[in-house]
Amino acid sequence: MKKWSFIGLFCLSFIIWSLLSAVMAQQKNIILATTTSTQDSGLLDVLIPIFEKKTGYFVKTIAVGSGQAMAMGQKGEADVLLVHSPAAEKKFVADGDGINRRIIMHNDYIIVGPPGDPVKIKAVKPTSTAFKKIASEKGLFLSRGDNSGTHSKERDIWKTAGINPEGEKWYQQTGLGMGQTLNVAAEKKGYTLADRGTYLALRKNLGLDILVEGDAILLNVYHVIEVNPAKWPKVNAAGGKAFADFMVAKETQEIIRTFGVDKFGSPLFFPDAGKKEEEIGK
């Protein structure tokens, strides 16, 4: 009888130990919902291993558009977000879905297209005028069409231009991320709006030129947002905060400052932690 009691106690202890181990392992996992640009540019391939080694957390990265990333946050399906759609981000926080929104970095958007530039938009400013020319000449334009930060910026520019391109034959939505949309634009010899970081990372194999750049409306700012644990108790609040703190840390900001310089001759992103919104890009 004592033998069976011992075996039962051992089994119970093993089950409890297994459950505790599973809980502890889960607490060390972080779900990062982020934009395709941070993934396609290669920045996260550099930063995440450093974060994991430093903290012991394991990051599961889900690279989607900013809109999809925030939709995950609204369902408690992510612990922390790295996104670039300011208006939507502010609403996300105001609605109580996110906390501690902090500036991380910026780069800018550019309009790229075939070297021959059939619509002749090269160096045209403002950007809305370039969009008007594409529409009037029915130049093929590839939109991400995925509710991402880039798609949101594109819609803002069309609105400024006073044009609704939806349903036009020359306006095609890919429903894909930034890198894939650039590849489609290259294949079809069309125009698209892209973030500079992803374009530079893929430029060698694209055959697309930068045609419009440097306009204030093309500024592209990234923020980190922790998913609100008060609304979603099961999120890894400690892990999300650890990642957010890592992104604004001095050492990380220095890595961002130099990322891409050796390969492309210029950084793909510019660090901005601690700055005010109005200081970005100046």
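Is it true that K3 is charged (D, E, K, R), more than 27 Å from T174 (Cβ to Cβ) and at pLDDT 90 or above? Taking the combined requirement at face value, the residue does not satisfy it. Hey, can you tell me all the residues within the stretch 81-97 that are in contact (Cβ under 8 Å) with a residue 60 or more places away in the chain, part of a loop (DSSP other than H, G, I, E, B) and more than 23 Å from G162 (Cβ to Cβ)? Matches in the stretch 81-97: H84, G96, D97. Residues in the stretch 250-265 that are in contact (Cβ under 8 Å) with a residue 12 or more places away in the chain and within 20 Å of the chain's Cα centre (by Cα): T252, Q253, E254, I255, I256, R257, F259, G260.
Would you pick out the residues in the stretch 145-162 that are at pLDDT below 95 and not in a helix (DSSP H, G or I)? G145, D146, N147, S148 - these are the residues of the stretch 145-162 that are at pLDDT below 95 and not in a helix (DSSP H, G or I). Determine, yes or no, whether G190 is farther than 24 Å from L268 by Cα and either free of Cβ contacts under 8 Å to residues at least 12 places away in the same chain or out of contact with any Asp or Glu (no Cβ under 9 Å at 6 or more places or on another chain) (or both). Here the answer is no, as G190 does not meet what is asked.
Regarding the stretch 98-115, can at least one residue be identified that is in the same structural domain as E187 (by TED's automatic domain parsing) and not in a strand (DSSP E or B)? Scanning the stretch 98-115 turns up at least one residue that is in the same structural domain as E187 (by TED's automatic domain parsing) and not in a strand (DSSP E or B). Among the residues in the stretch 187-204, are any surrounded by fewer than 22 Cβ atoms within 10 Å (Cβ to Cβ), at pLDDT 95 or above and part of a helix (DSSP H, G or I)? The answer is yes; a qualifying residue exists.
The values are calculated or read from the model by the stated rules, or taken from the named source; none is laboratory data. Quick caveat: nothing in here was measured; it's all calculated off a predicted structure. As a convention, Cβ positions derive from the backbone with ideal geometry for all residues, glycine included, and neighbour counts pool all protein chains shown.
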